[in-house]
Each structure stands twice: as C-alpha cells, then as structure tokens.
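Down below is the structure, laid out as structure tokens.
The values are calculated or read from the model by the stated rules, or taken from the named source; none is laboratory data. The structure displayed is predicted, hence computed values, not measured ones. Accessible surface is based on the protein model in full, side chains and every heavy atom, while ligands, DNA and RNA are left aside. Shrake-Rupley method; radii C 1.70, N 1.55, O 1.52, S 1.80 Å.
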Amino acid sequence: GNLIGRTGGGWLSDRTGRVPGLRAATVGLAACCLMLPVARAAVPVLVLVTMVGVGYGVQSALVPALTADMFGTDNFGVIYGRVFTGWGVAGLAGPQIGARLSDGGDFGDGLLVGAAAAAAAFGLHTWLGRAIPVTTADPS
C-alpha cells in the first residue's frame, strides 16, 4: 500500500494539486479507521489495512513537496527536519497511545482516535490550504 501511495500520490498531486491530494488521503485514512472496527472478515480487513498504507504513502510523498511550496527551498533542510521530527514523535507516541487504548484487545477506541486525528488533520489542510497556491505540474 505504501509503495502505491507514494507513486500514486505524486501522480495525483500533479493533476489535482498537493493540498487536494493530501486531503483525499486524509479522508481515506479517517474512513478506514472508522470501518476497521466493524470489519470481521479477512478480505475487508486486508483491503482496509492496505488502504491505510496507501494513505500513509500519499502523505509521505506529498508532505515534503507541500513543505517546500509553503516555505520555499531556502532552509528547506532545517524546516523539513522539524516537520519530520514531529512525524517521528507521532510515530513513537501513536502506537503507545493505541496500545493503552486497546489494552483488552479491542482496537476500536484506538482506531477512533486515529480517525479523529485524521479529521483534525483534514481541518488543518482545509484551513492552511487556503493560503497555499494550488500547484500542479504540466502532465505533458
């Protein structure tokens, strides 16, 4: 899923712009987090988990480009270093929070927190996206 998201996210971004691509990935992640607790059969769970990987891949592809769009390429290393550090902190804290919320083996609460975080991120993309010019590449 991650590979598909990274390559497909770049393709999507070239056609729709970075912010719309990131919004689509975030909505998809929230939807998957809401559907996973009720999915019982192996195939739907596998599809949903794969889609989570796609969403993660899209974000992995678009966040650096969007950071450069917002702040320019001057000092990009320092600026994106801070963004990526925040990503790393979330990568450490998220599983710990999820484990505490799903102590009894039920991952529903942790997935609801994930859906809420994705919804909050969508809100931020919408709010911040107004100040970012839509960037699309010439697909030819």
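Annotations for the structure displayed:
- Surface exposure of the chain, expressed per residue as accessible area with a 1.4 Å probe, stands at 61 Å².
- Extension reserve of the A65-T126 stretch, reckoned as 0.36 nm per residue once the Cα distance is removed: 20.3 nm
- Radius of gyration and Dmax over the Cα atoms of the chain, both given in Å: 16.0, 53
- Derived scalar couplings ³J(HN,Hα) [segment 66-71; Karplus, 6.51 cos²θ - 1.76 cosθ + 1.60; whole Hz; x for Gly, Pro]: 5, 4, 5, 4, 6, 10
- For the options G21, G81, G57, a Gaussian network treatment of the chain with springs between C-alpha atoms closer than 10 Å singles out G81 as fluctuating the most.
- Taking max minus min of the alpha-carbon positions on each principal axis, segment 54-105 gives extents of 48, 22, 12 Å, largest first.
- When the solvent-accessible area of the chain is split by element, carbon and sulfur atoms take up 69 percent of it, the probe being 1.4 Å.
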